[in-house]
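As structure tokens, the structure follows; a few thoughts come after it.
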Amino acid sequence: MNFSEALEKVKSGAKVARNGWNGKEQYIELAKCISYVNSEGKVINPHHKSMGNNAIAFVGTSGIQLGWLASQADMLAEDWKTVE
């Protein structure tokens, strides 16, 4: 599937990955109700007018990266797939 189709799957709650990614068990998914702790120890629940407090999370072998950004290669790839 292409990136547009993969993004729609993510928005509907699915986990997707590329066949071309080197690491096994790597995927992206929608992170909802995100928050963070600022330098004063206060929990901040950000809210953006057009996207609420959601972000795309990259789940990889070293942990989770919130706010993942697709590379040019990822956006042009046709090897996206849904994963469990």
*Hey, rough spin-label estimate for LEU66 and SER12, points 7 angstrom out along Cα→Cβ, what's it come to in nanometres?*
2.7
*About its Cα centre, how strong a charge dipole does the chain have in debye, to the nearest 20, once Lys and Arg get +1 and Asp and Glu get -1 at the Cβ?*
240
_Can you tell me which lysines have their Cα less than 27 Å from the Cα of LYS49? Leave out same-chain residues fewer than eight positions away._
LYS9, LYS11, LYS15, LYS32
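With each run of n ≥ 4 DSSP H residues scored as -39500 (n - 2.57), what mean residue ellipticity at 222 nm is computed for the chain after dividing by its residue count and rounding to the nearest 500 deg cm²/dmol? Display every interim value, and only then the final one.
Numbers: 2 runs with 14 residues, N = 84.
It lands at -4000 deg cm²/dmol.
Please go through segment 1-32 and write out the GluC sites (Glu not before Pro) that DSSP classes as loop and that have at most 15 other C-beta atoms within 10 Å. Before the final figure, lay out each step's value.
Details: sites: GLU5, GLU8, GLU25, GLU29; in loops: GLU25.
Loop-located and lightly packed - GLU25.
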*By what distance, in whole Å, do the Cα atoms of the chain stretch along each of the three principal axes, largest value first?*
43, 29, 25
*Report relative contact order for the chain in percent, whole number only (criteria: Cα-Cα under 8 Å, sequence separation at least 6).*
40
*Using +1 at the Cβ of each Lys and Arg and -1 at the Cβ of each Asp and Glu in the chain, identify which of ASN19, LEU66, CYS33 lies farthest towards the dipole's positive end.*
CYS33
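Readers should treat all values here as calculations from the given coordinates under stated rules, not as data from a laboratory. Worth saying up front: this structure is predicted, and the values here are computed from it rather than measured. So basically every Cβ, Gly included, is an ideal-geometry build from the backbone, and we count neighbours across all protein chains shown.
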